[in-house]
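What follows is one structure encoded as structure tokens, with my remarks underneath.
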Amino acid sequence: MRQKLQLKGDTSLSQSAIQRRNSNQRQKSPVQGRRLFLSHVIQTPQSQQYGQTQQQQLQQPQQQQLIQGRSHSQSKVVFQEEIPQKWPIIQLPFLKNTEPTIFFQYPPVCEDKRPLVNARPMTEEEIKKYSLTCKVLGSAPYKCVLTSFDWAGFKRIDEDDEDEEWNVQWGIGNKTTLRNMNRYQKINHFPGCWNMGRKDLLWINLSKFKRKYPKEYNFIPNTYLLQYDYDRFIMAQESAQKDTLWIKKPCADSRGRGITMISKKSKVKRDKNFLIMDYIYNPHLINGFKYDLRVYVLISCFDPLRVYMYKDGLVRFATQKYSTNSKDLTKRYIHLTNFAVNKLSPNFVKNQNSQKDDEGSKWSHHAYRKKLEELGVDSRELFNRIKDVVLKTCIATEPFMLDSNAKSQEHRNGYFELYGFDVLIDENLKPWVLEVNVSPSLNSSSPLDKKIKTFLISDVLHLVGVPLWDKSNQKVASPPKYNQRNIKEIPNINTSNCLSKLSQNDFNMLIHTVEEVKRRGKNFSCIFPNPKTIHQYMDLFEFPRYNNKLIERFYQDRCNWLSRYN
Ligand code: ADP
């Protein structure tokens, strides 16, 4: 019997659809040589429909269509087999009045090509003009980050180099960096990202919503911050049933460090750096082992909120069979699923081949979904549930993030964040959010890890869109000024009056949103704002926001406004 879950609304492509498309996209042998590719420009029905864009100097003069397949958007597609490796490519906008961005080619480890839809290689002149640079902080940067930049044609500049301008910084920006940043630059962390990324702050933010919406927010285990809730925990411990379990964790550490199991008999000290969480004692098991899911979530903007979930990720298994026996409570290989913990176990099995994604102690989501289907579980419904809890977590932290971002409103599109959600599935197939990682590990300990993470980073950078920036003479435009906006007017906006009712900024925001969704490719699904589900989440926001409401109305009115805007 298939186990049924109750959630609706998934925009994700079915696995078979992806496989079908992938097989349509099989490559022939690569052809080297610049002469060939410089004449290749691809036009889509959308760009034709909207006519010439303001960037069309970039897209002229040699237009020639190459058609080798069809993408999900019915656009004409060409693959980059003729383009020399690491040659910068321009992703042209699909709509009018917006900017082109940099196309991120997949590095070879991905064994795949991103379809060149509405994209073209830069000319040598443009390569000089737009000299692409990235600053990747840290002494041991992740290889998947470096290769993704490298394959898109970026040069890495020195961390201490203050003179050369960078397009993207990978690493938390200090105050000076944030202050001096301009609208062409992007950083992979929001100011205030720890509101979600620290276990104690996540609980503070989510518990507020849990009090307000107990049913909707019942996906984070009840938590006691020992700094404030010590007495409350002691009372709960005294009155609990004898086999009740909790888990004690440091508020701001990772990789299973400092984690212990707590029973009714355990002595707990008032330690302000720790929290105690109800233990999910009935996890869903595969072959008798506990596991959790690492789910990658990209937030590209908080105002409006834009959240994407990655279709693949990792499943991390414990390495000793699950038991809640009291004599097993100290056994970390039973209760913790962290890779950092279990890799030390004699039972840990390392993945040796990226094609075998259900091998060893770490699987891909793809293999996990297949296994669930074998077990009679509706994996699609389960992943819809995961999307739901992920989005509710983002909505709960949104007010705190916007507070932290308040001073840098002009950089609304200058930040993005790739969060790693740790999600545990219980035996009733209910997902629980255990924590959210601000800098999820991008280390590649196996071929499978390497492939998933390189795909992921390349997709993140392609989606967020790095604008072209002529650093030698392009004046950086001053931040947009926000006119008086009246949220109460939004329900009255429609296709016939949108030109008079909406400001330039409103149109820019809508165009940006649409363009970004188009760049998400086959691996990210947009969970907010999603035309099918936006409505059901709007009431959860602590404050109704003008931009979110406007997008909701835009979808309601069937998105015709942009065709009226020139
Ligand atoms: P860390 O940041 O150190 O990885 P986590 O909160 O992710 O800390 O916890 C580590 C592991 O402990 C999780 O991957 C999961 O296997 C287990 N765990 C954490 N919290 C719970 C819980 N409330 N119930 C059951 N298992 C948990």
Residues to consider are LYS370, LYS392, LYS362, LYS343; find the one that is farther than 23 Å from ILE247 by Cβ and of a type outside the set (Ser, Thr, Tyr). LYS370
How about the range 263-319: which of its residues are out of contact with any Phe, Trp or Tyr (no Cβ under 6 Å at 6 or more places or on another chain), farther than 30 Å from PRO346 by Cβ and among the basic types (Lys, Arg)? LYS264, LYS267, LYS269, LYS272, ARG306, LYS311
From ARG520, ARG485, ARG564, ARG553, which residue is within 30 Å of ASN205 (Cα to Cα), more than 28 Å from the chain's Cα centre (by Cα) and among the charged types (D, E, K, R)? ARG485
Of all residues in the range 327-354, how many are more than 16 Å from the ligand (Cβ to nearest atom) and either within 23 Å of LYS248 (Cβ to Cβ) or touching a strand residue (DSSP E or B) at 6+ places or on another chain (Cβ under 8 Å) (or both)? 2
Can ILE395 be described as assigned to a helix (DSSP H, G or I), under 17 Å from the mean Cα position of the chain (by Cα) and either within 16 Å of the ligand (Cβ to nearest atom) or surrounded by fewer than 16 Cβ atoms within 10 Å (Cβ to Cβ) (or both)? no
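The rows are residues; the columns are (1) in contact with a helix residue (DSSP H, G or I) (Cβ under 7 Å, 6 or more places away or on another chain); (2) modelled with pLDDT of 95 or more; (3) among the charged types (D, E, K, R).
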| position | (1), (2), (3) |
| --- | --- |
| ASN325 | no, no, no |
| ASP328 | yes, no, yes |
| ASN338 | no, no, no |
| LYS343 | no, no, yes |
| GLN355 | no, no, no |
Please determine whether any residue of the range 305-314 is closer than 18 Å to LEU329 by Cβ and either within 12 Å of the ligand (Cβ to nearest atom) or among the hydroxyl-bearing types (Ser, Thr, Tyr) (or both). no
Can you spot a residue in the range 200-214 that is of a type in the set (A, V, I, L, M, F, W, C), more than 16 Å from the ligand (Cβ to nearest atom) and under 22 Å from the mean Cα position of the chain (by Cα)? no
Condition first: surrounded by fewer than 16 Cβ atoms within 10 Å (Cβ to Cβ), small (Gly, Ala, Ser) and under 21 Å from LEU429 (Cα atoms). Now tell me which residues in the range 339-392 satisfy that. GLY376
From the option list VAL438, VAL460, single residue qualifying as within 16 Å of the ligand (Cβ to nearest atom) and either buried (at least 22 other Cβ atoms within 10 Å of the Cβ) or among the aliphatic types (A, V, I, L, M) (or both) is VAL438
Scan the range 262-276 and tell me whether some residue there is within 13 Å of the ligand (Cβ to nearest atom) and either modelled with pLDDT under 95 or within 28 Å of TYR537 (Cβ to Cβ) (or both). yes
Where in the range 483-562 are there helices (runs of 4 or more DSSP H), lying wholly inside it, with at least 1 residues that are surrounded by fewer than 14 Cβ atoms within 10 Å (Cβ to Cβ) and touching an Asp or Glu at 6+ places or on another chain (Cβ under 7 Å)? 534-537
Output the qualifying pairs, or none if there are none: Cβ atoms under 8 angstrom, residues six or more apart or on different chains, first residue in the range 179-194 and over 18 Å from LEU461 (Cβ atoms) and touching a residue at least 12 places away in the same chain (Cβ under 8 Å), second residue outside any loop (DSSP other than H, G, I, E, B) and among the acidic types (Asp, Glu). GLY192/ASP403
Pairs, please: C-beta under 7 Å, at least 6 apart or cross-chain, first residue farther than 13 Å from GLY288 by Cβ and in the range 307-329, second more than 14 Å from the ligand (Cβ to nearest atom) and in a loop (DSSP other than H, G, I, E, B)? TYR308/ARG520; TYR310/ASN523; LYS311/SER12; LYS311/ASN523; ASP312/ASN523
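The values are calculated or read from the model by the stated rules, or taken from the named source; none is laboratory data. Every value quoted in this text rests on a predicted model; they were computed, and no experiment measured them. FYI the Cβ positions are ideal-geometry reconstructions off the backbone, even for glycines, and counts take in every protein chain you see.
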